[in-house]
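**Student:** Have a look at this one before I ask anything.
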Amino acid sequence: MNIGIIGAGNIGSTLGKCWKDAGHAIVYGVRDPAVERYRALAGENSVLGIADAIGSADVVLLATPGNALAGLLAANADALDGALVIDASNQIPGEAFHQLPLFADLTPGARVYRAFNTLGWENFADPVIEGERPDLFYSGPEGADRTTIEALIADVGLRPVYVGEGANAADILDGVARLWFTLMRREGHRHLAFRTLGLDPLQD
């Protein structure tokens, strides 16, 4: 699968490595591909402008700061409209971490899933904790795309757990993210995650 990752920070680069190790083709989309810090990424992957990375992808991961999302969507609305999108951004601070209304306004045809926004990147780099594979909660439209999203979550070494679609489900994920941030600050480290008991074995 061709995966376009918009943003090459900790979240984007870590997930890119996981997916490349799983056999996917990775293209990073950044504002200026010639910047020196992207040279290491370009050694094994393609690093393109944002529009080109979106255009080449079967799935687009948005791994940008939350405050950059509005500009990104506005500038690339045509390319993203109709695309399968994973939104991993969090608008912090904000009443809501998710920005689904922006997608509805600017890219109404995009198939948008919220995932990879409730844990720190360390949990993607090293997903097993005390011998357990944690859950990765996600939300988005019902339908065939869920199979793709769940496969990509599993490729990172996490167990996909679907919480529903629409703003209410995205709000639930915001709550999980807030819980993770609270525990992370209290415990003083970021390598912690969640595991849900009693789920259908088919989800394991």
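The values are calculated or read from the model by the stated rules, or taken from the named source; none is laboratory data. Computed from a predicted structure; not experimentally measured. Note that each Cβ is placed from the backbone with ideal geometry, even for glycine, and that neighbours are counted across all protein chains shown. For the accessible areas, the whole protein counts, side chains as well, though only heavy atoms, and no ligand, DNA or RNA atoms are used. Shrake-Rupley method; radii C 1.70, N 1.55, O 1.52, S 1.80 Å.
**Student:** List the strands (runs of 3 or more DSSP E) inside region 10-126, counting only whole elements, that have at least 2 residues being open to solvent by less than 20 Å² (accessible area, probe 1.4 Å) and of a type in the set (A, V, I, L, M, F, W, C).
**Tutor:** 25-30, 59-62, 84-87
**Student:** Okay, moving on. When you scan region 27-40, do you find a residue that is at pLDDT 95 or above, farther than 10 Å from residue 6 by Cβ and over 16 Å from the mean Cα position of the chain (by Cα), even just one?
**Tutor:** Scanning region 27-40, I find no residue that is at pLDDT 95 or above, farther than 10 Å from residue 6 by Cβ and over 16 Å from the mean Cα position of the chain (by Cα), so the answer is no.
**Student:** So, in region 127-177, of the ones that are polar (S, T, N, Q) and open to solvent by less than 40 Å² (accessible area, probe 1.4 Å), which residue ends up nearest to residue 190 (Cα to Cα)?
**Tutor:** Result: 139.
**Student:** Hey, another quick one. Provide a single number: the residues in region 112-157 that are touching a residue at least 60 places away in the same chain (Cβ under 8 Å) and within 21 Å of residue 168 (Cα to Cα).
**Tutor:** Final tally of qualifying residues: 7.
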